[in-house]
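K.L.:
Sharing a structure below in structure tokens format, with a few things to ask.
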Amino acid sequence: MFVDQVNIYVKAGDGGRGQVAFRREKYVPDGGPAGGDGGHGAHVVLEVDEGLRTLMDFRYKRHFKAVQGENGMSKGMHGRKAEHLVVKVPPGTVVYDDDTDAVIADLVHHGQQAIVAKGGRGGRGNSRFATPANPAPEHAENGEPGEEKYLKLELKMLADVGLVGFPSVGKSTMLSIVSAARPKIGAYHFTTITPNIGVVETEDSRSFVMADLPGLIEGASEGVGLGHQFLRHVERTKVIVHVIDMSGMEGRDPIDDYNIINKELADYNLRLTERPQVVVANKMDMPDAEANLEAFKEAFPDLEVFAISAATRQGLRDLLFRIADLVDATPEFGLEELEEKTATPRVVYGYEAPEAGFTISKDEDDCFVIKGPRIEKLFTMTNFMREESIKRFARTLRQMGVDEELRKMGAIDGDVVRIRDFEFEFIESSF
Ligand SMILES: Nc1nc2c(ncn2[C@@H]2O[C@H](COP(=O)(O)OP(=O)(O)OP(=O)(O)O)[C@@H](O)[C@H]2O)c(=O)[nH]1
Ligand SMILES: [Mg+2]
């Protein structure tokens, strides 16, 4: 198992602004309020797409912003609500709130969705604020801001592709040049003891997960050279890439190598031979490689062989295309086991009302600073261009006990009070 991880930022759409408007009809002298509500802002939604295998796409795009709700209009027309932003993730993606480390969603099945940032409610238009005492209010709300979050996406991956072959044929070297993985490479046998894994991306933007499995030797299927443990890894892959050292530099014949490894795979589990296999002739930069390849092709005339050099990076492009084709075309093996181990499907639709509490502190410049989620939200939803909305805002603060608290802290007329980047004067019992 290997964990792929990315950090992203999501911002849901703000709600649209509510409208202040009045009816102007021919025979109605003083029309009532007719400002419509703003539309709701769009959510950011993550959705499982079983066609995705990795979190590769998020390396290039990490910011996701959903659109705002439409503003309310006159004649009682509400703004349209915005279309949700759906972001596709591979099955098995676990979503964390990066600030708290809490799990927000555990996405397993195709089509499963989780709202990771809630769109803001549309602001109410003035028709909603009419009361017998104030039948023509000049007040409307701004839209509620959409949630924003920093998320961590985590994907536990199994390899799609396993690099199989004798020790020192260049499996790890190959993995290191086609992915960001940095496995240990050595001129001695069994350099790799536990598999390394990397995400490979082809030129046509397909991606798959590849592992450099430990080297196999004759008798591996009976346990020689830790064979069982090594072969177990092969069982979990879809496609086998069989790497052969074509230079013969270690004194073995590549034809024998090919036959021996295939026999070990078959002896271990016949199902391994059902797996598509891509044959790679490596170390083609070495002097005897060309001649050995000729002989190899004569021995296996029907076999497709990809001649490459991991050292000089030759021949890799077509090889990767071929592997990607096979990964796309091959169904999963041994998925039953995998599903048992993954967490139970669970989607958490979190909603928390903003906390009513607030804090007041005194800044260096003697200004009173008010903080608190509910107050700050109220602040952003208030249109300070309108006298009536400002009064309403002040009234709500008083109801919440802000004025009293300010007074306790010694605030007097004319003192400056700040909420976010907005400053105003404290005036006792002004409203
Ligand atoms: N000349 C040449 N040497 C290579 C090439 N690919 C790998 N090597 C060398 O072969 C040796 C073994 O490479 P590794 O990538 O560690 O081989 P491995 O198959 O992962 O070996 P194990 O992990 O021990 O099974 C190293 O010294 C590499 O530098 C190649 O294309 N040409
Ligand atoms: Mg290795």
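The values are calculated or read from the model by the stated rules, or taken from the named source; none is laboratory data. These figures come from a predicted structure and were not determined experimentally. These accessible areas exclude ligands, DNA and RNA; they are computed on the full protein's heavy atoms, side chains included. Shrake-Rupley method; radii C 1.70, N 1.55, O 1.52, S 1.80 Å.
K.L.:
As a test of the formula, what do you get for the chain when each DSSP H run with n ≥ 4 contributes -39,500 (n - 2.57) and the sum is divided by the residue count, at 222 nm and rounded to the nearest 500 deg cm²/dmol? Kindly include the intermediate steps, with their values, before the conclusion.
P.N.:
Working: 9 runs with 93 residues, N = 431.
About -6500 deg cm²/dmol.
K.L.:
Among the lysines, which have Cα under 17 Å from the Cα of residue 184 when same-chain residues fewer than 8 positions away are ignored?
P.N.:
Filter leaves 171.
K.L.:
What residues have an amide H closer than 5 Å to that of residue 382, excluding those fewer than 5 places away on the same chain, when H is modeled at 1.01 Å from N in the peptide plane?
P.N.:
The answer is 142.
K.L.:
Angle check, please: helix 254-268 long axis (alpha carbons) against the longest principal axis of the chain (alpha carbons), in degrees 0 to 90, nearest 10.
P.N.:
Approximately 60 degrees, to the nearest 10.
K.L.:
Please list 166, 424 from largest to smallest accessible area, probe radius 1.4 Å, with all protein chains kept in place.
P.N.:
Numbers: 166 20, 424 60 Å².
I get 424, 166, largest accessible area first.
K.L.:
Let me check against my output: what whole-number percent is the relative contact order of the chain, with C-alpha pairs under 8 Å and at least 6 apart? Don't skip to the end; give the middle numbers.
P.N.:
Working: 1051 pairs, mean separation 60.3, N = 431.
This gives 14 percent for the chain.
K.L.:
Determine one quarter of the surface area of the Cα convex hull of region 142-248, which equals its mean projected area, and express it in nm² to one decimal. Walk me through the numbers on the way to the answer.
P.N.:
Working: hull surface 40.2 nm².
Computing the convex hull of the Cα atoms and averaging its projections yields 10.0 nm².
K.L.:
If you roll a 1.4 angstrom probe over the protein chains with everything in place, what fraction of the accessible area of the chain belongs to carbon and sulfur, to the nearest %?
P.N.:
C and S fraction of accessible area: 49 percent.
K.L.:
Roll a 1.4 Å probe over the protein chains and send me the accessible area per residue for the chain in Å². Each step should come with its number before you reach the end.
P.N.:
Working: 22310 Å² over 431 residues.
I get 52 Å² per residue for the chain.
K.L.:
Ignoring ligands, DNA and RNA, how do 194, 173 rank by accessible area with a 1.4 Å probe, largest first?
P.N.:
Numbers: 194 95, 173 40 Å².
Ranking 194, 173 by accessible area, largest first, yields 194, 173.
K.L.:
Based only on Cα atoms, what mean projected area does the convex hull of the chain have, in nm²? Please list the in-between numbers first.
P.N.:
Numbers: hull surface 121.3 nm².
In nm², the orientation-averaged hull projection of the chain is 30.3.
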